[in-house]
Amino acid sequence: MKKILIITMFLGIVVSCKKNKKMDEQLYNLSQQTGFTYYQNSLDTLLPASASPHGSFRVKFNSVAQKSLDGDGKLPKGSSFEDDAVVVKEIFDKSGGNLTLLAVMKKFSKSKNAAEGWIWGEYDPDGKTVFSISKKGDGCISCHTGGRDLIRLFDLH
């Protein structure tokens, strides 16, 4: 009986890890799709806010997220994004020339991996997972809490 319980628990962990890996791959793949719009229609990189862990960056929004933005390219105060909105922060090295990391958020409130309605992931440019959705935004949310629907960009830039 104990062996069956242990085997069942082990298989549950393996299946869960495979599902999370697949979801990480899907989130990365979403960040690579076409049709995104850059923040305020600009390809310029932005300097981080003084407390940001991210370096120089630029941000892009999928069409679902874009629909929530106002004429200034910002989410109006008190508003929130719809499910399926995707926000991608492209982070560059100190010279601003080489892409080093993709921080991706997808509004997916029904996901078991969602935290505050979002799934969170970070990936190197080749798609290797640096920060898995399985961490549920742990390490991200504390800084993002002050932002509009957890996106700090709009009040900092």
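The values are calculated or read from the model by the stated rules, or taken from the named source; none is laboratory data. Values in this document were obtained by computation on a predicted structure and should not be read as measured data. Glycine gets a Cβ as well: all are built from the backbone with ideal geometry, and neighbour counts include every protein chain shown.
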* Residues in the stretch 65-76: is at least one among the small types (Gly, Ala, Ser) and either under 18 Å from GLY127 (Cβ atoms) or touching a Cys at 6+ places or on another chain (Cβ under 7 Å) (or both)? -> no
* Structure fact -> Those strands (runs of 3 or more DSSP E) completely within the stretch 40-157 that have 3 or more residues that are surrounded by 17 or more Cβ atoms within 10 Å (Cβ to Cβ) are 57-61, 86-92, 99-107, 118-123
* To do: Select from the stretch 140-157 the residues that are on the phi > 0 side of the Ramachandran plot and either at pLDDT below 85 or touching a Leu at 6+ places or on another chain (Cβ under 9 Å) (or both) and list them in ascending order.
  => ASP149
* List, please: which pairs have Cβ atoms under 7 Å, are six or more places apart or on different chains, and start with a residue in the stretch 88-106 that is hydroxyl-bearing (Ser, Thr, Tyr) and end with one that is at pLDDT below 95? -> THR100/ILE91; THR100/PHE92; THR100/ASP93
* Among the residues of the stretch 123-131, is any without any contact (Cβ under 8 Å) to a residue 24 or more places away in the chain and within 22 Å of THR34 (Cα to Cα)? -> yes
* Inside the stretch 30-39, can you point out the residues that are in a loop (DSSP other than H, G, I, E, B) and of a type in the set (S, T, N, Q)? -> GLN32, GLN33, THR34
